[in-house]
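Novice: Questions regarding the structure given below will be posed in turn.
Every read-out reported here was derived from the displayed coordinates using simple, explicitly stated rules and does not represent laboratory data. Here the structure is a predicted model, which is why all the values come from computation and not from measurement. Neighbour counts are summed over all protein chains in view; Cβ atoms, including those assigned to glycine, are modelled from backbone coordinates with ideal geometry.
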Amino acid sequence: MQTDPILVIGATGKTGARVASRLEAKGLPVRHGTRRAAIPFDWEAPETWAPALEGVSKAYVTYFPDLAFPGAVEKLAALCEVAKSTGLDHIVLLSGRGEHHAKLGEEVVRASGIDFTLVRSSWFAQNFSEGYLRDPILAGVLPMPGGAIEEPIIDIDDIADVVVAALTEEGHKGELYEVTGPRLMSFADMAAVLSQATGRPIQHIPISFEEFHANVAASGGDFVADVFTAIARETLDGRNARVCDGVQRALGRPPRDFTEYAAGAAKSGAWSSAA
């Protein structure tokens, strides 16, 4: 039985919160790696890293908002050095498909000397219900660049299940799990599924990357918009238009379909105006 805590960096994030709750539901001790935790962790305060890692043998590592942010890979490399000095045995890293900087982050972890599992993820379905696309969905539109490009969008609950398996079961060390949904979908396809799930029409609006930048900047500022637009330009070019078997290999079951995600999110009230 696990007696030392498992560190979940980003325990209030979309994947981190799910991972932490699943681990706690198993009766496992979890150290929440956040700025406001009893033992805080802050990517911008390296002096918090060693105390957060002290006594920890396993860690789930996410970098908010993305490994493409300037300085993220360098911070990840520095964290690995600290983790090695404190005796961390196993690191599970969340990475992104088709992203140059994410691959650099993966290589940092591979070279760290710490046992690892890499979880390389496609676009999150929950961006429509918990992220920056929720308000447009409520307004009946899905504005995205990339034209008719297809993406095997994934349910974050699948990512969390893969991460928890990697942290709690044998046989996952050294593995790269490229996790996707079970099928390719265009944004127009996703809008059609969301229309059915919500019971109201949602229209895909093809927009330029410049318009995408303006939309993100309106809510998150120019710096965030710069990075997310760069990621969109990089990944929405067809390079990720293929389904991978990471969920099946890690869990022994297929990934959830987008239709299942949308129906569940609607039932939970994700797109009610009061949510």
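Novice: Note down the net charge around Leu236, summing +1 for each Lys or Arg and -1 for each Asp or Glu among other residues with Cβ under 13 Å from its Cβ.
Specialist: -2
Novice: Nearest 10 degrees is fine. How inclined is helix 187-198 to the longest principal axis of the chain, computing both from alpha carbons?
Specialist: Approximately 90 degrees, to the nearest 10.
Novice: Ok, one more. Say a paramagnetic label sat at a point 7 Å from the Cα of Ala188, along Cα to Cβ; which residues of region 102-146 have their backbone N under 15 Å from it?
Specialist: Counting only backbone N, you get 142-146.
Novice: Using a Cα-Cα cut-off of under 14 Å, which aspartates and glutamates could be cross-linked to Lys84, ignoring same-chain neighbours fewer than 8 residues away?
Specialist: Once the sequence-local aspartates and glutamates are set aside, what remains near Lys84 is Glu54, Asp115.
Novice: Run lengths n ≥ 4 of DSSP H only: what is the helix-derived mean residue ellipticity at 222 nm for the chain, with -39500 (n - 2.57) per run over all residues, to the nearest 500?
Specialist: Rounded to the nearest 500, it is -12500 deg cm²/dmol.
Novice: What nm value, rounded to one decimal, do you get for the distance between Phe223 and Ser21 when each label is placed 7 Å out toward the C-beta?
Specialist: Rounded to a tenth, the inter-label distance reads 3.0 nm.
Novice: Sort Glu107, Glu130, Glu210 by Cβ crowding within 10 Å, fewest neighbours at the top.
Specialist: Fewest to most other Cβ atoms nearby, the residues stand as Glu210, Glu107, Glu130.
Novice: Starting from the Cα of Ala214, step 7 Å along the direction of its Cβ; do the same at Asp4; then give the gap between the two resulting points in nm.
Specialist: It is 5.3 nm.
Novice: Looking at the chain, send over the antiparallel percent of its DSSP beta bridges, to the nearest 5.
Specialist: About 5 percent, rounded to the nearest 5.
Novice: DSSP loop (so not H, G, I, E, B), at most 16 other Cβ within 10 Å: list which trypsin sites (Lys or Arg not before Pro) in region 1-101 pass both filters.
Specialist: Answer in residue order: Lys26, Arg35, Arg36.
Novice: May I pose another question? Helix 258-267 sits at what angle to the longest principal axis of the chain, using alpha carbons and giving 0 to 90 degrees rounded to 10?
Specialist: 90
Novice: What FRET efficiency, computed as 1/(1 + (r/R0)^6) with R0 = 25 Å and r the Cβ-Cβ distance, is obtained for Lys84 and Arg249, rounded to the nearest 0.05?
Specialist: Once the sixth-power term is evaluated, E becomes 0.35.
Novice: Here's a follow-up. By count of other Cβ within 10 Å, fewest leading, how are Thr198, Thr3 ordered?
Specialist: Sorted ascending by nearby Cβ count, the order is Thr3, Thr198.
Novice: Considering only the other residues whose Cβ falls under 13 Å of the Cβ of Pro70, what net charge follows from Lys and Arg at +1 and Asp and Glu at -1?
Specialist: -3
Novice: Counting Lys and Arg as +1 and Asp and Glu as -1, each charge on the Cβ, what is the dipole of region 6-267 about the Cα centre in debye, to the nearest 20?
Specialist: In debye, rounded to 20, region 6-267 gives about 560.
Novice: Still on this model: Would you order Met190, Met185 from fewest to most other beta-carbon atoms within 10 Å of each residue's own beta-carbon?
Specialist: Met185, Met190
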